[in-house]
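Here's the structure, in structure tokens; my notes come after.
The values are calculated or read from the model by the stated rules, or taken from the named source; none is laboratory data. Given the structure is predicted, the values throughout are model-derived calculations rather than measurements. Cβ sites come from the backbone with ideal geometry, for glycine too, and all protein chains shown count toward neighbours. Accessible surface areas use protein heavy atoms only, side chains included; no ligands, DNA or RNA. Shrake-Rupley method; radii C 1.70, N 1.55, O 1.52, S 1.80 Å.
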Amino acid sequence: MKTKYPNITVTLCGQDGNAFAILGAVTKAMKRAGLDETAREEYEKEATSGDYDHLLQTTMRYVNVD
């Protein structure tokens with residue numbers, strides 16, 4: 001699977017598994033990496049368009065996950 005932003009890595013293991021915590025961690029990492037608001041909103045819109053499993057799958061498509 002090709003990651004959209006391979007230069008961004010988010011550690012989720014050992015973190016709160018809450019969907020909002022995951023969204024926050026990913027968007028924060030995207031912001032630190034210099035991605036604009038449009039890119040972050042695109043991720044959020046796609047990630048929240050389904051269930052929890054969809055959120056995780058979308059996250060793994062957008063960034064590297066540890």
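Where (1) -0.24, -1.17; (2) -0.40, -1.06; (3) -0.36, -1.02 are the candidate values, the label of the one calculated here for log10 I(q)/I(0) by the Debye sum over Cα atoms at q = 0.12, 0.25 Å⁻¹ is (1). Mean residue ellipticity at 222 nm from the helices of the chain, using -39,500 (n - 2.57) per DSSP H segment of n ≥ 4 over the full residue count, to the nearest 500 deg cm²/dmol? Helix contribution divided over all residues of the chain: -17000 deg cm²/dmol. The label point for ALA19 and the one for GLU46, both projected 7 Å from the Cα toward the Cβ, are 1.8 nm apart.
Over the chain, accessible surface divided per residue gives 65 Å², non-protein components excluded, 1.4 Å probe.
The apolar share of the surface of the chain, taken as the fraction of accessible area on carbon and sulfur atoms (1.4 Å probe, ligands and nucleic acids excluded), comes to 51 percent. If the segment from ASP66 to ASP53 were pulled out straight at 0.36 nm per residue, it would be longer than the present Cα-Cα gap by 3.0 nm.
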